[in-house]
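Take a look at the structure below.
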Amino acid sequence: MKSLLIDPRIAGVAGDILLAALLDLTSDQECIPLLNKAVCELTHCTASINAVHATSMGIGALRIEIGLEGERFASAEDLARAFKNISNFMEMPPAVIEKGLEVISTLAEAESSVHQDHYHLHEVGSVDTVIDIAGVLWLLDKYNYMNGKILCLPVAVGNGMTSTDHGEIPAPAPATLEILCKRLIPVTSSSENFELATPTGVALLACIVNNFITVYPTSTPLKIGKGAGNAEFKASPNIIRIIENIPSYENNEQAVLLETLVDDTSGEVLGHALNEMLDAGALDAYISPATGKKNRPAQLVSILCLPGEEKKMSRKLMQHTGSIGVRAQVVDRFIANRNIDKYQVEINGTKYPVRIKTSTFDQHLISRKPEFDDLVVISKQTGLTPRIISEEVKRQCFLPIKDSNE
């Protein structure tokens, strides 16, 4: 299955450079002529859209050049209506059109939150916003990237001041920052005095990216697409990179492992701390015996959490254990696919519902077992032990099955 990695750490992200990078990655020849025709026929604008070869600090890339003459959109409804007209003209599937409307809704919510009673679309109310969204989604769908996994590294947001309808405002712009906060998109610093992340760019990321990560995943890169912006930077190329790759495992994802060593906390407190961490969203939490400073017996508390949550979880871990330091490292996490099917098991002439969980990894069977909670319910009704009921479930419900490795 195809997988994409978006790398906006150098020059941030904008709708046009995402579109340019995807065009470079796919070498597509249909998208730009189709967009030109759709915009000119279906909006009150005349458009000239071109993908041109460019260089930024000696690195070759594609750049989108858009010339527009026409009105801006006053409302999110107008923007959505224009997108639907263009996406239907481009024959996008309904699911892709819904994704585009989600991007527009994300933009509208951000603008509404920033401007409140004086809400209007400001910087994103132009036809080029529709062009960026339609072009990016059309390419992702055409080349089957929507059905794979799309990952993204931290987004450079830039420094300095940016010119808006509200005057000069520090980067990132208010609507951009609103989306970054609400969608928990990780950001990174940059020495460039430019607005590197735009509302349309981060809204697209918020809606198309499956996971935001902090380091390159274990994978095999196949090809690279590079999209260039218009500005010339002083210290780095103005380029976003998109890498098509093959993941090492389909079930691979990243997590953050937090660890702290404690030697002065009771078992009751540590047990409560684990429960609190799991309630707060930890993926896993466990304690291992260890030896601490001055050869004291100690406990190693380990917490697994999602990337982006490590600071919140570290604070909570310190509060509940009294620890004054937490180590963190990004780890690969391999997860079996799980599927639960419902069956009926007959015991002493009465049928009882029972769920059976089947786990597979890399197309290999890992386990099949009945849900223990269901066994307990049947046990209370029949007087038989869960162990005996489990054996009966396996006898009645488990068909012979072979591991694909055999």
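The values are calculated or read from the model by the stated rules, or taken from the named source; none is laboratory data. In this text the structure is predicted, and so the values were computed from the model without any measurement. With ideal geometry, Cβ positions are generated from the backbone for all residues, glycine too; neighbour counts draw on all protein chains shown. Each accessible area value is taken on the protein alone, full model and side chains, heavy atoms only, with ligands, DNA and RNA left out. Shrake-Rupley method; radii C 1.70, N 1.55, O 1.52, S 1.80 Å.
May I ask you to say which residue of Arg355, Arg296, Arg338 is of a type outside the set (A, V, I, L, M) and under 29 Å from the mean Cα position of the chain (by Cα)? First the steps, then the outcome.
Numbers: Arg355 fails: under 29 Å from the mean Cα position of the chain (by Cα); Arg296 fails: under 29 Å from the mean Cα position of the chain (by Cα).
Within the list Arg355, Arg296, Arg338, the selection yields Arg338.
I'd like the residue in segment 15-37 that is of a type outside the set (S, T, N, Q), farther than 15 Å from Gly225 by Cα and touching a strand residue (DSSP E or B) at 6+ places or on another chain (Cβ under 8 Å) and, out of all such residues, is most open to solvent (accessible area, probe 1.4 Å).
Taking segment 15-37 first, the residues of a type outside the set (S, T, N, Q) are 15-25, 28, 30-35, 37.
If we keep only those that are farther than 15 Å from Gly225 by Cα too, we end up with 30-35, 37.
If we keep only those that are touching a strand residue (DSSP E or B) at 6+ places or on another chain (Cβ under 8 Å) too, we end up with 32, 35.
Numbers: Ile32: 23, Leu35: 1 Å².
The extreme case among them is Ile32.
Could you list, in sequence order, all residues of segment 172-195 that are under 23 Å from the mean Cα position of the chain (by Cα), at pLDDT below 90 and open to solvent by less than 20 Å² (accessible area, probe 1.4 Å)?
Hits for segment 172-195 are Ala173, Ala175.
What number of residues in segment 38-82 are surrounded by fewer than 14 Cβ atoms within 10 Å (Cβ to Cβ), modelled with pLDDT under 90 and part of a strand (DSSP E or B)?
The qualifying residues number 4.
Look through Val256, Val262 and report the one residue that is surrounded by 13 or more Cβ atoms within 10 Å (Cβ to Cβ), modelled with pLDDT under 95 and closer than 24 Å to Val215 by Cα.
It is Val256.
Checking the condition at pLDDT below 90, part of a strand (DSSP E or B) and either open to solvent by 20 Å² or more (accessible area, probe 1.4 Å) or in contact with a Gly (Cβ under 8 Å, 6 or more places away or on another chain) (or both), which residue from Ile240, Ile246 passes? It would help to see each step written out before you state the result.
Details: Ile240 fails: at pLDDT below 90.
Just a single option satisfies the conditions, and that option is Ile246.
Within the bounds of segment 381-388, is there any residue that is assigned to a strand (DSSP E or B) and touching a strand residue (DSSP E or B) at 6+ places or on another chain (Cβ under 8 Å)? Full working, then the answer.
Looking only at segment 381-388, we keep the residues that are assigned to a strand (DSSP E or B), and these are none.
There is no residue in segment 381-388 that is assigned to a strand (DSSP E or B) and touching a strand residue (DSSP E or B) at 6+ places or on another chain (Cβ under 8 Å).
Determine, yes or no, whether Gly308 is open to solvent by less than 40 Å² (accessible area, probe 1.4 Å) and either over 32 Å from the mean Cα position of the chain (by Cα) or not basic (Lys, Arg) (or both).
Working: open to solvent by less than 40 Å² (accessible area, probe 1.4 Å): no; either over 32 Å from the mean Cα position of the chain (by Cα) or not basic (Lys, Arg) (or both): yes.
No.
Return the residues of segment 218-237 that are of a type in the set (S, T, N, Q) and at pLDDT 85 or above; say none if nothing qualifies. Lay out the reasoning, then the answer.
Initially, segment 218-237 is screened for residues of a type in the set (S, T, N, Q), giving 218-220, 230, 236.
Of everything in segment 218-237, those that are of a type in the set (S, T, N, Q) and at pLDDT 85 or above turn out to be Asn230, Ser236.
Taking the condition at pLDDT below 90, in contact with a strand residue (DSSP E or B) (Cβ under 6 Å, 6 or more places away or on another chain) and not hydroxyl-bearing (Ser, Thr, Tyr), does Val215 pass?
Values: at pLDDT below 90: yes; in contact with a strand residue (DSSP E or B) (Cβ under 6 Å, 6 or more places away or on another chain): yes; not hydroxyl-bearing (Ser, Thr, Tyr): yes.
So Val215 fits the description; yes.
Could you grab me the full set of residues in segment 311-340 that are modelled with pLDDT under 90, surrounded by 14 or more Cβ atoms within 10 Å (Cβ to Cβ) and within 11 Å of Leu258 (Cα to Cα)?
Val330
Read through the list (1) crowded, with 21+ Cβ neighbours inside 10 Å; (2) in a strand (DSSP E or B); (3) modelled with pLDDT under 80, then give the number of the only condition that Glu123 fails.
Status for Glu123: all satisfied but (2).
Inspect segment 320-338 for any residue being small (Gly, Ala, Ser), in contact with a helix residue (DSSP H, G or I) (Cβ under 8 Å, 6 or more places away or on another chain), without any contact (Cβ under 8 Å) to a residue 60 or more places away in the chain and assigned to a loop (DSSP other than H, G, I, E, B) and give the result as yes or no.
The answer is no, given that none of the residues of segment 320-338 is small (Gly, Ala, Ser), in contact with a helix residue (DSSP H, G or I) (Cβ under 8 Å, 6 or more places away or on another chain), without any contact (Cβ under 8 Å) to a residue 60 or more places away in the chain and assigned to a loop (DSSP other than H, G, I, E, B).
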